[in-house]
1. For the chain, can you list the cysteines whose C-beta has no other cysteine C-beta under 4.7 Å from it?
2. Which of the aspartates and glutamates could a cross-linker span from residue 57 if the Cα-Cα distance has to be under 16 Å and same-chain partners fewer than 8 positions apart are dropped?
3. With springs only between Cα atoms under 10 Å apart, run a GNM on the chain and tell me which of 52, 137, 23 wobbles the most.
4. Considering the chain as a Gaussian network with a 10 Å cut-off on Cα pairs, which listed residue, 46, 120, 36, attains the greatest mean-square fluctuation?
5. When only DSSP loop residues count, what trypsin sites (Lys or Arg not before Pro) in region 3-69 have their Cβ near at most 12 other Cβ atoms within 10 Å?
6. Please find, in a Gaussian network model of the chain (springs between Cα atoms separated by less than 10 Å), the residue of 95, 140, 43 whose mean-square fluctuation is greatest.
7. Extension gain residue 48-residue 21, at 0.36 nm per residue separation less the Cα-Cα distance, in nm?
8. State, as an integer percentage, the relative contact order of the chain based on alpha-carbon contacts under 8 Å between residues 6 or more apart.
Amino acid sequence: MCAAVKPSMGDTNDFKNKGGMKTMSDALGRGMVLVMSLWDDKEAHMLWLDSTYPTSKTAQGGPRGSCPTSSGNPDDVQREHAQAYVKFGNIKVGEIGSTFKPGPGPTPSDCPGGSLKACMALCPSNPAPVYQACIETCSERCVASSSDSSSFLNFLY
């Protein structure tokens, strides 16, 4: 993927420059620790993720999402969203295919609270984007009974 996409976007293929899959495989063989965090980007304001970056590049490889190029300033984000937080959960590690049971969809054990309704009740009401993301996660992870399903539909409409 990197070999095909990076040149077409005008990006440097750092993955290849750092040894590619061989180096990654060797590192995994030595063992790794999973680290996850909430972070910001003082240099590029995260524009590389979902805006146009560099901001002057309008050709292929510049536009990467719909966020305005004025967005993502860490000082603004930290000031305007000082109460923001992240919660990681339901993380599974194992050989490919070993961390889930194949089947038609999620099982109640995958659903926080055990049902869609209970999961939705666990969602924080503020800030609104966190609530919305939580509700979407519940809808993806929970097997809905008919009453749960109608509650969710009433929420959406």
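1. That list is 2, 67.
2. Cross-link targets: 11.
3. Largest GNM mean-square fluctuation: 23.
4. Of the options given, 36 has the highest mean-square fluctuation.
5. Of the trypsin sites (Lys or Arg not before Pro), the ones in loops of region 3-69 whose Cβ has at most 12 other Cβ atoms within 10 Å are 18, 42.
6. The residue with the greatest mean-square fluctuation here is 95.
7. Details: separation 27, 0.36 × 27 = 9.72 nm, distance 2.33 nm.
Full extension of this stretch gives 7.4 nm more.
8. 14 percent
Values in this text are rule-based calculations from the coordinates and carry no lab data. On a predicted model such as this, the values are computed, not experimentally measured, just so you know. All Cβ positions, glycine included, derive from the backbone under ideal geometry; neighbour counts span all protein chains shown.
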